[in-house]
Amino acid sequence: MVRPIRSIPRSARAAPSWLTALKYLCLGLGAVLMLLPFADLILGALRTPAERLARPQIYFPATPQWGNFEAVFLRFPLGLWIWNSFFVTTAITAIQLATSVSAGYALAKFRFPGRDFFLRFVIGAQLFPFFLFIIPLFFILRYWPLAGGNDLFGQGGSGFLNSYAALILPFSVSWYGIFLMRQFMISVPDDLLDAARMDGAGEFRILWSIVLPLVRPALVTLGVFVFVYHWNEVVWTLTITRTAPELQTAPIGIHLIRGAFENEQDQSLQQAATLVTVLPVVILFLALQRFYVRSLSSGLKRR
């Protein structure tokens, strides 16, 4: 039996060339608008004080002042600030990934009393901003027993204050991270895990060898989000490092530089310092961009 040839729907036909050109034009304009602040940051860091004070303003420096980057490192402990940011942010990212993966796996693949309650608690906890817990967390770390010279009752010392632990411990758990990993781990077939258990694999081996490779795009995406957020975190870090300048991170350093460079002539140094602190985040995102896109595409497929 010969079936009649059906006409191709209009929505499935190729878009006209002018519409495709318009689409790429809009995307190009959007990309240019997004890159303009970074371009201004780079050009501003390379201007001389005279070019910055010139009217009308000179955007493209005649002689790029690469020495501005060296001057910032010489005048301020920018290297220490970047190291503190890298150490604290990396530690927080690693701990959050570990807690999010383990808790998400338990909520996705195990049945135990109170599981639904814990899941609702994880979802509800995301409604409360971190600012509500700054004061309680500060006193908890201050009076932590047997830490920082404290006795068994939390008296006599400074607790976990004035240490890296004060910058890391409050961010050990991410409710959003637990929920995200749980949602992705639900899609892992239970039959695959049961087959691994029948072969004698333990739960840690199953999680490490089977589940994590399948949810790697989501894991990398969560890691990028956590790293970028805590690299730029200011409020809690500023609260803790008021009495410990040696723990100040890059965003706090930029805040201090802004206060030191009040005149317009020194703003090139400020922009040079800002550019140096932004580069690690940009490099990380560009290196892991393919995992981020893969995570978004897999999320769209689930819908």
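Looking at I168, I95 in this structure, which one is closer than 21 Å to R242 by Cα and either assigned by TED's automatic domain parsing to the domain that holds H230 or touching a His at 6+ places or on another chain (Cβ under 8 Å) (or both)?
Working: I95 fails: closer than 21 Å to R242 by Cα.
That would be I168, the only listed residue that is closer than 21 Å to R242 by Cα and either assigned by TED's automatic domain parsing to the domain that holds H230 or touching a His at 6+ places or on another chain (Cβ under 8 Å) (or both).
Restricting the first member to the stretch 106-129 and to residues that are touching a residue at least 60 places away in the same chain (Cβ under 8 Å), and the second to residues that are among the charged types (D, E, K, R), the beta-carbon pairs closer than 6 Å and six or more apart or on different chains are L107/R182; A108/R182.
Scanning the stretch 226-248 for residues that are touching a residue at least 12 places away in the same chain (Cβ under 8 Å) and under 15 Å from the mean Cα position of the chain (by Cα) gives V226, F227, V228, H230, W231, N232, E233, V234.
For (1) surrounded by fewer than 21 Cβ atoms within 10 Å (Cβ to Cβ); (2) more than 24 Å from F285 (Cα to Cα), each residue gets a yes or a no:
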site: D190; (1), (2): yes, yes
site: D199; (1), (2): yes, yes
site: R205; (1), (2): yes, yes
site: L212; (1), (2): yes, no
site: V226; (1), (2): no, no
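Mind counting the residues in the stretch 225-266 that are at pLDDT below 90, outside any helix (DSSP H, G or I) and either within 19 Å of A45 (Cα to Cα) or in contact with a Ser or Thr (Cβ under 6 Å, 6 or more places away or on another chain) (or both)? Looking only at that region, the number is 3. Every condition in (1) without any contact (Cβ under 8 Å) to a residue 12 or more places away in the chain; (2) surrounded by 14 or more Cβ atoms within 10 Å (Cβ to Cβ) holds for P56 except the one numbered (2). If the condition is being more than 13 Å from the chain's Cα centre (by Cα) and crowded, with 20+ Cβ neighbours inside 10 Å, then the stretch 83-98 contributes only N84.
Does V215 satisfy the condition of being touching a residue at least 24 places away in the same chain (Cβ under 8 Å), in contact with a helix residue (DSSP H, G or I) (Cβ under 8 Å, 6 or more places away or on another chain) and within 27 Å of K109 (Cβ to Cβ)?
Values: touching a residue at least 24 places away in the same chain (Cβ under 8 Å): yes; in contact with a helix residue (DSSP H, G or I) (Cβ under 8 Å, 6 or more places away or on another chain): yes; within 27 Å of K109 (Cβ to Cβ): yes.
So V215 fits the description; yes.
For the stretch 179-202, the candidate set comprises residues that are touching a residue at least 60 places away in the same chain (Cβ under 8 Å) and among the charged types (D, E, K, R); within that set, the residue that is farthest from S102 (Cα to Cα) is D190.
Filtered by the rule that a residue be under 30 Å from F117 (Cα atoms) and surrounded by 20 or more Cβ atoms within 10 Å (Cβ to Cβ), the stretch 139-165 gives a lone residue, L141.
Of the residues that sit in the stretch 117-135 and are surrounded by 10 or more Cβ atoms within 10 Å (Cβ to Cβ) and more than 23 Å from the chain's Cα centre (by Cα), which one is nearest to I186 (Cα to Cα)?
Here is the first cut: in the stretch 117-135, the residues surrounded by 10 or more Cβ atoms within 10 Å (Cβ to Cβ) are 118-126, 128, 130, 133-135.
Restricting the remaining residues to those that are more than 23 Å from the chain's Cα centre (by Cα) gives 118-121, 135.
Values: F118: 16, L119: 13, R120: 16, F121: 18, I135: 36 Å.
Going through the qualifying residues, I end up with L119.
The values are calculated or read from the model by the stated rules, or taken from the named source; none is laboratory data. None of these values were measured; they are calculated from a predicted model. Methodologically, a virtual Cβ is constructed for each residue, glycine included, from the backbone with ideal geometry; neighbour enumeration extends over all protein chains shown.
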